[in-house]
Structure formats: C-alpha cells, structure tokens
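Q: Structure below; questions to follow.
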Amino acid sequence: MADLRDLYQEVILEHSKAPRNFRELAGANQHAEGYNPLCGDHFTVYLNVEGDSIRDITFQGSGCAISKASASMMTQALKGKSKAEAQRLFETFHKLVTTGETNGDRPELGKLAVFSGVSEFPVRVKCATLAWHTLQAALEGKQDKVSTE
Amino acid sequence: MTTAAKLPSTATSRLEVVDKGFYVEKIRRDFPILSRDVRGKKLVYLDNAATSQKPRVVIDAISRYYEEGNANIHRGVHFLSEHATGEHERARKLVQKFINAQDVTEIIFVRGTTEAINLVAQTYGRAHVGAGDEVLITAMEHHSNIVPWQLLCEEKGANLRVAPINDRGELILPEFEKLLGPRTKIIAVAHVSNAIGTLNPVAKLVEMAHRRNIPVLVDGAQAVPHIKVDVRALGCDFYAFSSHKMFGPMGVGILYGKAALLEAMPPYQGGGDMISSVTFEKTLYNKLPFKFEAGTPNVSGAIGLGAAIEYMNSIGMENIERYEHDLVAYATEKLASIAGVRLIGTARERAGVVSFVIEGIHPHDIGTILDQEGIAVRTGHHCAQPIMQRFGIPATARASFAFYNTQEEVDMLAAGILKVKEVFA
C-alpha cells in the first residue's frame, strides 16, 4: 500500500503552506493560465524571458498541496535556466511523477525528487504537472488556457 | 424480519431500530460490494450522490435477463420477444407507481437524467422558447440542468435567468417569484442539490409557476433515492431521474411528463419504435410513450431499475427517509464539531449530502487521505461550478449517503478528517 508520507513529504507540505515566488511578476513578458477542470485547480505562470534565458518566474492561483508545492519548487528550479534546460527538466520531472524512476538519480532534479511518491497516486499526476504544462504554454506563447483534461 | 446480527454499539442502536422493518446491518448484506476491502481497509462508501451501489436482486435481475430472457422488444412474435417486452413494460409500470404518475404512458425511458433534460429542452423548449423569451433555472443546478438550456437559449436568442440562493444554500423564494414574467417559458429546478443537498420546496415553486401558466421541469436525480416522490402532489410538468443513483444499473433513466404536454411535443430522435408507419412522403409517429423512444432501448437496464424499485419498496421509502434524515443530521453535527471544518450548504431542508471544506487544506488532498483509509468521498466542484462560485470556493469534499450507510461510518469519516488535519498539521 502506498504510504501517505511518500506523497505528502515535509518539503511538499512546507512549500504548499508557504509557496515561493507566489506573486504576479511585474514586467513579465510571457504568461499563461493553467486549469484542471477535475478539481478546479487554477494557476497563472509569469515569465520574464530574455533571449533564451528565463530571467524570472513567478506564479499565482489556487490548488491542492501537490499542485501548489510543485509550482513553487518549479519556479525555484527554473530561475536562470535556458528554455531548453526547462524543457528537459520537465521531461525528467514528468518521468519521475509517472513512473517513480529518477533515471539513476539525475542530479538536475535536485529537490524536485521529493515528488517521486506521486507515481503511487496516479490520479494526482495531473496535480503535480499542472504548473509545468502551464509553463510550457507560456514559453510557447500560447494564449488559450491550458487544461489537463 | 431477522435480527440475528449484533448491534455494533449502543451508540448506533437508535438508528438501527428506527423501525422494525428497517435494520441496517441486514440491508448491508444485500449489497455484495459493501463487504469488500479497499486499500486494506473496510470500504466506507460515501459517494452515493455520484452513483449508488447495487443490491444482489438488481444484479441478479440483469444476469437473469441475459441468461434466460434476452430478445429485442416490441417486434418479434416469438416467445422471448414477447416475454422481454412484458418485462420491459412491467418495469415502466413499477416506475409509474413509484412516482405516482397518473398514467403509464407518461413514463419515458431515456439514458439518464441528462438525456431527459436534453429531450425536454430540444422538443418542448424548441417549440415554445423564442427570441427574447426566458428560461429560469436556479443557482444550485448541476451542469446537466444548465447547459441544455444554454444551448437552447443560444439557438433561439432567448435569455437564461438564474434564481439566487442565500448563504445557507436555500432558494430565495421572493426573488424566484420576481423572476417569473410574461417571457418566462419554462422553469428547470433541482429537487435536491447534488453539491450541497438542499431540498427545494418544489410544490410551492410549481404553484407560483402555474399561476402564470409556466411549466416546471424538476431534476429529481438526487431526490428519488432519498425521499418519497409523488409527481402529482408536486404538480410538476416534467420530472427527470436516473436509475444508477437509486440502486439500479447505469445507462437508464426516466423522463416523466404530463400526457397532454408530451402529446403536443414534437419527437426527440427519429428511428425504429417511435413510428407507427413510414413512407418516404410521410411518417406517422407512434403513440406515447414510444414516440420518444427511438431505437432499441436498454431492456436489461429497465428490468434492473424495476428490481431496484421493488427492493426500495420492500424497505419502504418512509423508513429510508426517516433513517437517512437521522443519519445526515448525525453527520452534520459530527463534522461541524471538528475545528477547522466548515459545512457548505446548511439549508434547513436537506437530503443525502454533507459538503464541507477544511481551513487551509484543499479538498483534493482531503480526498486522497480519506481514500487511504478506505473512505470514498467526492472532491471537486461536483459538476456544479456556479454554486462553488456562489460560495467563493473552488471545490468541496462531499460525503453523500444512502440508507445502507451507518453511524459507525460517519464516525470513521470524522476520524479520517482528524487524520487529514494531522498530515497537514
């Protein structure tokens, strides 16, 4: 049986209660909205992109502990990264939350590795990836609201 | 009536024996799924507003139909076809008696509540609602009693009006009455709210509407499993409900309509069974109720629904109503006493549902943690996003009850909520 503590790790609970970079970004030049119609989670991700580099990243909105902590830790992980690095990290993160595999403990995951427990709770994968899908839409300059359904 | 099983505790005895004809531990044995484990824990099924579980008699009726009685209906001259037709029409008769409709031809088999409402919107609605007219619904409707009317209004250039509710989740009657005008062509209202359990005073609403000659459709999906429904006492013109929420199988539901209205309505779908004769020049439609039943119907579904009705009758709707009233009152009191828990929807008249949020904890997280305890609740907006907006929340956790639930299960839910709070402490 999956253990609740695998899902609700201390770091995740802490980020959900006190999310980092949780504000609208003044001077953002790209942003996108993401929505999970199943549970009503709703986030906006703001980016300040210069050339290929994510200079700053913030988010706002409401959601469950998993989606909020994931968004919070995503903003910490991606600040200063290139678009290609962000895309690669999303792919690694996605694999982590769907399979639990960390590809030989890929160091680039860093603190994000705490989300490995999500793979034991398949219905919560969408929570963990909502902010990331929203980020992808913001990077691609999509105007439509992203939906997980 | 056997009383062999031991009462779980003195605390539950009050509800156990509300009536000598009602004994919850015996009733639970009629539902095979209730004895299974989930995630290593005893299943506590509190998601009855999404769908109810099925008693053995319903499962057996469906199996027996496919093992011994399967044939298409209304067409064959052979034994099985005649038999299946008889069983199908017997189920219709059971439905008629169950809701006290005047005539069996007023009972139309559909796929479910959603299809029943769409049927009325697309036939009665398209014939009577024009540009500038109004359709009146309430702020507590399920999406299935909002979207069909939006589609109609969009097509016709009509306006959808919404009767407001108060902070308890009750319809504000003077506001409702104010919205009834010369352009109001139909009213569609839930008998019981799926999201917060409010029981609407339908008879009173119908009276207000009929004084102005406005017909009323009632979405009864969440009422029929819990309270005795008498469509003639309510006076409503249409009443829609689903089999699967009342212990019958999925994929079948009922539209009740007053015969005079149904007669005057154009057909919904075209096909076999709904015609009396077809030529390429002209088709004559079949009589009621078959005019609205194009194609081969869900025969096993209708038979299963019939078995569910006979089962509910054997327990007695009065007993069900009384037992659940006490159970929901107990759950309301128990949950409200937990620090940080806020009930959403505190209408004085309610049925079946306790919806709640916990300060600082998202309903989705509540659902996951309760699930680990074997407790099934629904979390989210319950296909009723407008009422969530009314209460300024994205979602709730909803415990919804049936007559097979116990006080002990309410206690387990309360213990589960304490566990949720512990995880997030």
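Since every read-out is calculated from the coordinates, none of them should be taken as a lab result. The structure displayed is predicted, hence computed values, not measured ones. We place every Cβ from the backbone using ideal geometry, glycine too, and count neighbours over all the protein chains shown.
Q: Fewest to most neighbouring Cβ within 10 Å: what's the order for B:Asp230, B:Asp411?
A: Starting with the residue having the fewest Cβ neighbours, the order is B:Asp230, B:Asp411.
Q: Local charge sum around B:Leu234 (other residues, Cβ-Cβ under 15 Å, Lys/Arg +1, Asp/Glu -1)?
A: Summing Lys and Arg as +1 and Asp and Glu as -1 gives -2.
Q: With r as the distance between the Cβ atoms of B:Ala203 and B:Lys42 and R0 = 35 Å, compute the FRET efficiency 1/(1 + (r/R0)^6) and round to 0.05.
A: 0.30
Q: Report for the protein assembly as shown the percent antiparallel among DSSP-assigned beta bridges with both residues inside it, nearest 5.
A: 70
Q: Scanning chain B for helices, which whole DSSP H stretches are 15 Å or more long along the axis (Cα) and average -1.0 or more by Kyte-Doolittle?
A: Once both thresholds are applied, what remains is B:79-99, B:299-315, B:317-336, B:407-423.
Q: Right, another one. Beyond a 30 Å Cα-Cα separation, which of these cross-linked pairs lie in this structure: B:Lys93/B:Lys245; B:Lys156/B:Lys287; B:Lys178/B:Lys334; A:Lys81/A:Lys142?
A: Correct reply: B:Lys178/B:Lys334.
Q: Using Cβ contacts closer than 10 Å as the measure, can you line up B:Tyr256, B:Tyr65 from fewest to most?
A: If I rank by nearby Cβ atoms, fewest first, I get B:Tyr65, B:Tyr256.
Q: Here's a follow-up. Per 5 Å bin, what percent of the C-alpha pairs of chain A does each bin hold, from zero upward?
A: In whole percents, the pair-distance histogram is 2, 11, 21, 24, 22, 13, 5, 1, 0, 0.
Q: Of B:Ile186, B:Met274, B:Leu288, whose Cα points farthest to the positive end of the dipole of the range B:59-313 (charges on the beta-carbon: +1 Lys, Arg; -1 Asp, Glu; origin at the Cα centre)?
A: The one lying farthest along the dipole's positive direction is B:Ile186.
Q: Would you order B:Thr346, A:Thr75, B:Thr296 from fewest to most other beta-carbon atoms within 10 Å of each residue's own beta-carbon?
A: Ascending number of Cβ neighbours within 10 Å: B:Thr296, B:Thr346, A:Thr75.
Q: Okay, moving on. Multiply the residue gap between B:Glu154 and B:Ala264 by 0.36 nm, knock off their C-alpha separation, and tell me the result in nm, one decimal place.
A: Answer, rounded to one decimal: 37.3 nm.
Q: Quote the FRET efficiency, to the nearest 0.05, computed for B:Glu310 versus A:Gln9 with a Förster distance R0 of 56 Å and r equal to the Cβ-Cβ distance.
A: Here the calculated transfer efficiency is 0.60.
Q: Want the number for B:Asn72 to B:Asp60: 0.36 nm per residue separation, take away the alpha-carbon distance, what's left?
A: Stretched fully, the B:Asn72-B:Asp60 segment lengthens by 2.4 nm.
Q: Across the residues of B:358-368, average count of Cβ atoms on other protein chains within 10 Å?
A: 6
Q: Over every pair of different alpha-carbon atoms in the range B:59-313, take the mean of 1/r and invert it; report that Kirkwood radius in Å.
A: Evaluated on the range B:59-313, it is 18.8 Å.
Q: Compute from the Cα atoms of the range B:60-129 the Rg and the Dmax, the latter being the longest Cα-Cα distance, and quote both in angstrom.
A: 15.3, 47
Q: Label points 7 Å out from Cα along the Cβ direction at B:Thr283 and A:Ala26: separation in nm?
A: Here the modelled spin labels are 6.7 nm apart.
Q: Oh, and also: Quick one: net charge of B:His325's neighbours, Cβ under 11 Å, K/R +1, D/E -1?
A: It works out to a net charge of -3.
Q: Expected output is a single nm value to one decimal: the length gained when fully extending between B:Ser35 and B:Arg232, i.e. 0.36 nm times separation in residues minus the C-alpha distance. What is it?
A: 67.1 nm
Q: Would you calculate the separation in nanometres between label points at B:Arg28 and A:Gln76, each defined as 7 Å from the Cα along the Cα-to-beta-carbon direction?
A: Each label point is offset 7 Å from its Cα along the Cβ direction, giving 4.5 nm.
Q: Would you be so kind as to identify which of B:Gly345, B:Tyr323, B:His364 lies farthest towards the positive end of the dipole of the range B:314-372, taking Lys and Arg as +1 and Asp and Glu as -1 on Cβ and the Cα centre as origin?
A: B:Gly345
Q: Taking all pairs of distinct Cα atoms, average 1/r, flip it, and tell me the Kirkwood hydrodynamic radius of the protein assembly as shown in Å to one decimal place.
A: So the Kirkwood estimate lands at 26.1 Å.
Q: For the pair A:Lys111 and B:Leu173, how long in nm is the line joining their label points, each one 7 Å along Cα→Cβ?
A: Output for this residue pair reads 5.7 nm.
Q: Treating the beta-carbon of each Lys and Arg as +1 and of each Asp and Glu as -1, no other charges, what is the dipole magnitude of the range B:26-96 about its Cα centre, to the nearest 20 debye?
A: 520
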